[in-house]
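Student: Take a look at the following structure, please.
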Amino acid sequence: MKKGFFCIILILLLSLVLPFSAPTVEGESGGEISLTVVMYHSLLKSKRGVYVLSPSALQEDIRGMKERGFAFVSPEDLRKYAKGEKDLPYKCALITFDDGHYNNLLYALPVLKEEGVCALVSVVGKFCQHSTISGDSHNPNYSYLTWADLKVLQDSGFVEIGNHTYALHDFKPRFGVGRIKGESDSEYKKVFGADLDKLDSILEENGIKKPTAFAFPFGRYNRLAEEVLKERGYCLSFTCCEGINKIEKGNLDSLFLLKRFNRNGNLSSTAFVKKVQGEFMKAMQK
C-alpha cells in the first residue's frame, strides 16, 4: 500500500488514543491535504449569537483545535501548496472573518498574534467606505473597518485582506452575486467584474495588496462568477457550505468553492471543536 494510506490510518488511531496531542502529517508531493475552514463574523465581549462570539471563545477555539492536531495555515500557504511550491501538514485549518467588522481589529488581532495564527478578513467595500467617511468608525458593537484599519491589519503580518464584494452584499436587486432573471452571461460578468474591480482598486489605492481570495456573500455562487474570479487572478473562493476540503498539491482549482464551518456563538468552544474533529474523522473514512 502507498505511504499516504498508512499516514491516514496513523492519524485516525492517534485521534482516538491521544485526542489532545495528535501530531500532524506532512503532505506529500503530488498528494493532498485536508483543510478545515472556520467562518467567523463579529467578536464582542457583551453578547453572543449565531454570528457573534467572544474574543476568549476565539482563543479557546484555536487552542482546542491545536490540541486536536489541526495546523493553522495562511491563504498564502495554501496558494503555494496548490502551486506545488511547498509542503503542508496533512491536517490543516484556516480562520476566516466575513464582512469586515471593526472588532476584528480590536479583539481578533491580539488573539491571532498571541496564538501565532494568520487569518483572512474578507471585507464589504461599501461598509468600509461608510466607516471611513462617516467618522463613526471605532465602535466594536456596530462599526466596520476603515481603509486605514485594513492597512493596520495587513501590516501586522497576521491578516490577509479578501474581497467580499464592494456593493453586492445585499438581498436586492440580486441575492449576493446571484444572477437576475433574464440577465445574459455577458451582462452578469460585466456587473460582477466591475464590482470586484472597484473594491480591488480602492484597496490598492490605500496601500493594501490586491485580494486573491473571495468570499461569496450568503454563500451564493455560480459558474460564471468563478470564471470572472479566475480571469482576475483570484486563487481562492469560499462558500457557506459546511464540510472538510481536500486540497491537491499542484492543483489551484482545488482552492475554489471551499467549504466553511460557520462559528455559531451559541455553541461552546468544546462543542465546536468536537464538531469539526468529528467531521474530519468522517472525511478520513470516505
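Student: Can you list residue pairs whose Cβ atoms sit under 8 Å apart, with the first residue in the stretch 215-233 being of a type in the set (Gly, Ala, Ser) and the second being surrounded by fewer than 17 Cβ atoms within 10 Å (Cβ to Cβ) and assigned to a loop (DSSP other than H, G, I, E, B)? Count only pairs 6 or more apart in sequence or on different chains.
Tutor: These pairs meet every condition: Gly219/Cys241; Gly233/Lys210.
Student: Tell me yes or no: at least one residue of the stretch 51-72 is under 13 Å from the mean Cα position of the chain (by Cα) and surrounded by 17 or more Cβ atoms within 10 Å (Cβ to Cβ).
Tutor: Restricting attention to the stretch 51-72, the residues satisfying the condition of being under 13 Å from the mean Cα position of the chain (by Cα) are 72.
Filter again for surrounded by 17 or more Cβ atoms within 10 Å (Cβ to Cβ), leaving 72.
Yes.
Student: Further, regarding this structure: Just checking, does the stretch 244-251 include any residue being crowded, with 18+ Cβ neighbours inside 10 Å, under 29 Å from Val152 (Cα atoms) and not charged (D, E, K, R)? Spell out the reasoning first.
Tutor: Taking the stretch 244-251 first, the residues crowded, with 18+ Cβ neighbours inside 10 Å are 244-245, 247, 249.
Still in the list and also under 29 Å from Val152 (Cα atoms): none.
No.
Student: Go through the stretch 213-261 and give me each residue that's of a type in the set (Val, Ile, Thr) and part of a loop (DSSP other than H, G, I, E, B).
Tutor: Thr239, Ile244, listed by residue number.
Student: I'm trying to understand the selection: among the residues of the stretch 155-179, which are charged (D, E, K, R) and either open to solvent by 60 Å² or more (accessible area, probe 1.4 Å) or under 20 Å from the mean Cα position of the chain (by Cα) (or both)? Break it down stepwise before answering.
Tutor: Going residue by residue through the stretch 155-179, those that are charged (D, E, K, R) are 155, 160, 170, 172, 174, 179.
Asp155, Glu160, Asp170, Lys172, Arg179 - these are the residues of the stretch 155-179 that are charged (D, E, K, R) and either open to solvent by 60 Å² or more (accessible area, probe 1.4 Å) or under 20 Å from the mean Cα position of the chain (by Cα) (or both).
Student: Identify the single condition in (1) in contact (Cβ under 8 Å) with a residue 24 or more places away in the chain; (2) open to solvent by 40 Å² or more (accessible area, probe 1.4 Å); (3) over 30 Å from Ser34 (Cβ atoms); (4) outside any helix (DSSP H, G or I) that Tyr142 does not satisfy, given that it satisfies every other one.
Tutor: Of the numbered conditions (1) in contact (Cβ under 8 Å) with a residue 24 or more places away in the chain; (2) open to solvent by 40 Å² or more (accessible area, probe 1.4 Å); (3) over 30 Å from Ser34 (Cβ atoms); (4) outside any helix (DSSP H, G or I), the odd one out for Tyr142 is (1).
Student: I've got another one for you. Can you find, within the stretch 145-168, the residue that is nearest to Pro217 (Cα to Cα) among those that are of a type in the set (Gly, Ala, Ser) and in a loop (DSSP other than H, G, I, E, B)?
Tutor: First, pick out the residues of the stretch 145-168 that are of a type in the set (Gly, Ala, Ser): 148, 156-157, 162, 167.
From what is left, the residues that are in a loop (DSSP other than H, G, I, E, B) are 156-157, 167.
Working: Ser156: 26, Gly157: 25, Ala167: 10 Å.
Top of the filtered list is Ala167.
Student: If Lys209 satisfies all but one of (1) out of contact with any Leu (no Cβ under 9 Å at 6 or more places or on another chain); (2) exposed (fewer than 15 other Cβ atoms within 10 Å of the Cβ); (3) not β-branched (Val, Ile, Thr), what's the number of the condition it fails?
Tutor: The failed condition is (1).
Student: Moving to a separate point now. Take Gly182 and tell me if it is modelled with pLDDT under 95, surrounded by fewer than 22 Cβ atoms within 10 Å (Cβ to Cβ), touching a Pro at 6+ places or on another chain (Cβ under 6 Å) and outside any helix (DSSP H, G or I). Break it down into steps so the answer makes sense when it comes.
Tutor: Working: modelled with pLDDT under 95: yes; surrounded by fewer than 22 Cβ atoms within 10 Å (Cβ to Cβ): yes; touching a Pro at 6+ places or on another chain (Cβ under 6 Å): no; outside any helix (DSSP H, G or I): yes.
Spelling it out, it is not the case that Gly182 is modelled with pLDDT under 95, surrounded by fewer than 22 Cβ atoms within 10 Å (Cβ to Cβ), touching a Pro at 6+ places or on another chain (Cβ under 6 Å) and outside any helix (DSSP H, G or I).
Student: Next question. Does Asp195 satisfy the criteria of being part of a helix (DSSP H, G or I), closer than 12 Å to Val123 by Cα, open to solvent by less than 40 Å² (accessible area, probe 1.4 Å) and acidic (Asp, Glu)? Outline the logic, then answer.
Tutor: Values: part of a helix (DSSP H, G or I): yes; closer than 12 Å to Val123 by Cα: no; open to solvent by less than 40 Å² (accessible area, probe 1.4 Å): yes; acidic (Asp, Glu): yes.
Spelling it out, it is not the case that Asp195 is part of a helix (DSSP H, G or I), closer than 12 Å to Val123 by Cα, open to solvent by less than 40 Å² (accessible area, probe 1.4 Å) and acidic (Asp, Glu).
Student: While we're here: Going through the stretch 82-122 one residue at a time, which ones are closer than 22 Å to Lys259 by Cβ and among the aromatic types (Phe, Trp, Tyr)?
Tutor: The answer is Tyr90, Phe97.
Student: Just to be sure, is Lys189 open to solvent by 30 Å² or more (accessible area, probe 1.4 Å), under 30 Å from Thr146 (Cα atoms), free of Cβ contacts under 8 Å to residues at least 60 places away in the same chain and in contact with a Leu (Cβ under 8 Å, 6 or more places away or on another chain)? Give the derivation first.
Tutor: Values: open to solvent by 30 Å² or more (accessible area, probe 1.4 Å): yes; under 30 Å from Thr146 (Cα atoms): yes; free of Cβ contacts under 8 Å to residues at least 60 places away in the same chain: yes; in contact with a Leu (Cβ under 8 Å, 6 or more places away or on another chain): yes.
So Lys189 fits the description; yes.
Student: Looking only at the stretch 74-99, count every residue that is in a loop (DSSP other than H, G, I, E, B) and either among the polar types (S, T, N, Q) or open to solvent by 10 Å² or more (accessible area, probe 1.4 Å) (or both) and tell me the total. Quick ask: steps written out before the conclusion?
Tutor: Within the stretch 74-99, the first condition is being in a loop (DSSP other than H, G, I, E, B), and the residues that meet it are 74, 83-88, 90.
Next cut, either among the polar types (S, T, N, Q) or open to solvent by 10 Å² or more (accessible area, probe 1.4 Å) (or both) only: 74, 83-87, 90.
Number satisfying all stated conditions: 7.
The values are calculated or read from the model by the stated rules, or taken from the named source; none is laboratory data. Fair warning: this is a prediction, and the values are worked out from it, not measured in the lab. Heads up, the Cβs are rebuilt from the backbone with ideal geometry, glycines too, and the neighbour counts pull from every protein chain shown. Just so you know, the surface numbers come from the protein's heavy atoms only, side chains and all, with ligands and any DNA or RNA stripped out. Shrake-Rupley method; radii C 1.70, N 1.55, O 1.52, S 1.80 Å.
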